[in-house]
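One structure is given here, and the rest of the page talks about it.
Values in this text are rule-based calculations from the coordinates and carry no lab data. Owing to the predicted nature of the structure, the values given are computational and were not obtained by experimental measurement. FYI the Cβ positions are ideal-geometry reconstructions off the backbone, even for glycines, and counts take in every protein chain you see.
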Ligand SMILES: C[S@@+](CC[C@H](N)C(=O)[O-])C[C@H]1O[C@@H](n2cnc3c(N)ncnc32)[C@H](O)[C@@H]1O
């Protein structure tokens with residue numbers, strides 16, 4: 001097992017480079033993730049590999065990549081995607097009628113399932129003549145490569161991809177499924193560390209910042225939310241993960257219910273079309289409800 005000084009070094013490195021917390025008790029995880037890298041670097045064990053990290057920046061980058069948690073799935077949690085099509089798109093389509101374009105940020109996009117799920121909904125819901133761009137960012141360069149490749153294993157496809165959308169938007173590529181060039185052309189990628197100053201970026205209509213704040217301490221969460229608020233249009237929306245909130249963190253936001261999720265909006269924004277939880281009860285509309293259907297095994301795809 002990794003020694004306490006090596007674990008402390010790795011935890012400190014991860015915190016400095018990504019702001020992710022790696023607390024005592026996670027030794028087994030660090031060991032499991034670094035052991036394959038130690039072997040391929042010709043090191044006898046994880047402690048020797050950690051010693052190498054101090055001298056080798058390229059190994060450091062690989063180690064950070066291996067230690068980030070990339071758990072994701074298609075249409076993850078469903079309700080945010082229902083809020084996207086039912087509560088956010090209608091007022092934005094009205095408000096952006098003069099430009100007929102939407103800018104969306106998938107911050108901490110992991111391997112791209114969130115970004116490509118959004119492109120499918122946009123293809124289904126944008127009126128003719130409209131365009132949209134998904135800006136997919138992550139601190140992990142290997143995850144960004146995966147977004148650009150747009151290829152997913154059968155196991156990954158089984159996690160939330162409805163059969164109809166699989167048939168429409170993917171082709172077989174050996175053992176994998178490849179997302180269509182049409183959807184790929186809607187997604188741009190950029191390396192971005194949420195815990196560091198943001199590079200120049202557009203102002204976004206919608207930001208998905210889901211299942212990443214949980215890894216940071218309070219001050220980092222506060223700082224990220226403050227900087228994200230400066231990248232959202234005054235009538236735009238922010239969606240967080242189901243266990244994440246702006247409450248007690250930043251009073252620059254207001255919250256509006258959309259079914260089972262909260263849409264966060266810059267304070268002072270014009271109200272969305274649907275604001276009361278009662279009027280936004282989740283409805284199983286054709287748009288998103290399909291994704292609840294078990295996908296691949298039923299089609300034989
Ligand atoms: C659990 S995944 C969430 C993926 C997706 N948003 C979702 O909800 O399914 C967390 C992602 O956050 C990324 N991440 C961790 N720290 C980050 C940071 N400081 N800046 C940007 N991305 C970060 C990880 O690389 C990983 O891809």
Fewest-first ordering of 69, 104 by Cβ atoms within 10 Å yields 69, 104
Between region 106-145 and region 200-225, how far is it from one alpha carbon centroid to the other, in angstrom? 16 Å
On a 0 to 90° scale, report how tilted helix 4-18 is relative to the longest principal axis of the chain, with both axes built from alpha carbons and the result rounded to the nearest 10. 30 degrees
Longest principal axis of the chain (C-alpha) makes with the long axis of helix 218-229 (C-alpha) an angle, in degrees to the nearest 10, of 40 degrees
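So for the chain, averaging the separation of alpha carbon pairs under 8 Å that are six or more residues apart and normalising by length, what relative contact order in percent results?
The value is 19 percent.
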Please give the calculated 222 nm ellipticity per residue for the chain, where each DSSP H segment of at least 4 residues contributes -39500 (n - 2.57) and the sum is spread over every residue; nearest 500 deg cm²/dmol? -10500 deg cm²/dmol
Taking the simple approach of a point 7 Å from Cα along Cα-to-Cβ for both residue 251 and residue 32, what is their distance in nm? 4.3 nm
For labels at residue 23 and residue 159 in the simple 7 Å Cα→Cβ model, what's the distance in nm? 2.4 nm
With Cα coordinates, the longest principal axis of the chain makes an angle with the long axis of helix 27-40, in degrees rounded to 10, of 70 degrees
